[in-house]
1. Can you tell me which of GLU118, GLU105, GLU94 is in contact (Cβ under 8 Å) with a residue 12 or more places away in the chain and among the acidic types (Asp, Glu)?
2. Quick check on this structure: which one of ARG171, ARG164 is under 30 Å from ASP121 (Cβ atoms) and at pLDDT 95 or above?
3. Looking at the structure I just gave you, is ASP194 over 30 Å from ASN247 (Cβ atoms) and exposed (fewer than 10 other Cβ atoms within 10 Å of the Cβ)?
Amino acid sequence: MPETPAVPNPKPPMELFTPLLPGTDPFKLPEPGEALLTAADVRCVLAEDNEVAHVAIGKMLAYACGTCGTIFAINPKMGQTAPDARACAVRCCEVHVCACGTVVEVKHFTACNACRAEAADQKKAAQLALAKRVVSPPMLFCDCCDEFFGDEVELFESHHDDNRELPTYARPAYERRIKLDADDVTSEAIQNADFNSDSMYEPAAVKLLQVMLDAWCAAHPMVNFFPEFGEVVDLEAARAEFLADRNDEEDGPEA
C-alpha cells in the first residue's frame, strides 16, 4: 500500500515565530490581494542596529501582530515582559463576542457598545446611591455638559434652550481660594536663580514672607470653583416643577 505523502501544515505552531528580516518594515500592511496572516501568527521584532536600539544586535525587542503589524514592546521595567507582549500580539486582532452574543466591533474591547453603556449606567447609579445628598450649594456642576451653573433654574434653562435632556442630579461645587506658600516660593526662587543646593535662608524671614503672602491673598483673592464628586444634589423635584411651568407657558392662557 503506497504511503500517503505528508501534507505540510499551512499554519506554523504557536511556538514558532518568524523574526522580521533586515530592512522589513514591521508597520507595513499587506498589499490588496495578499494573504493576511492569522491573528495567532505573530512575529518577533529583533534589534538590527545597536547604535539605534542601544541593545545587542539580534536581541528580541517586541512582538508584532501578524494581521495589522501593531508592535507590542518588551519592557520588563514597565511590567511588559516577553510573554505579556506575545499575548498582546496574539489577542490584537481577535474577534470578540459579547456576553449578549453580539460581535464586538471595537478593537480590543470585549463587550459591545450597548452592554458597555449599560454597565457604565449601573456603575454611575451605584456611585450616586452612595453619594452624600446636599442642598443649596454655592454652585452646581453638570456631569453631562461639564459646565458650572449658579442654580438649578439656570442649569435647566441652558439645557432646555439647547434641546438637551434635563438632568435629574448635579454635583455641588465649592469655592477654593489661592494660597501661596512661603517655603515653596523661596525654594523655587533659589532654584530659578541657579543657586547651589547648600543655599540657606532664615526661618524667621520665611515666616515674615508667609504673613505678607497671606495678606496679599486676602487683599487680592483669586477664587475658583471645583465640583465635589462625592456629593450630589437631587434635582428631580425642581426638574418636574420647571417642566410643568414650561408646559403652562407653551399652552398659553385658556380662552
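1. Within the list GLU118, GLU105, GLU94, the selection yields GLU94.
2. Exactly one residue qualifies, and that residue is ARG171.
3. Answer is yes for this residue.
The rows are residues; the columns are (1) within 18 Å of ALA240 (Cα to Cα); (2) loosely packed, with under 13 Cβ neighbours inside 10 Å; (3) touching a residue at least 12 places away in the same chain (Cβ under 8 Å); (4) β-branched (Val, Ile, Thr).
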| position | (1), (2), (3), (4) |
| --- | --- |
| VAL134 | no, no, yes, yes |
| PRO138 | no, yes, yes, no |
| PHE141 | no, no, yes, no |
| PHE156 | yes, no, yes, no |
| ASN163 | yes, yes, no, no |
| ARG176 | no, yes, yes, no |
| ILE190 | no, no, no, yes |
| CYS217 | no, no, yes, no |
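The values are calculated or read from the model by the stated rules, or taken from the named source; none is laboratory data. Only a predicted model underlies this, so the values are computations on that prediction, with no experimental measurement involved. For neighbour counting, all protein chains shown are included, and Cβ atoms are generated from backbone atoms with ideal geometry for every residue, glycine included.
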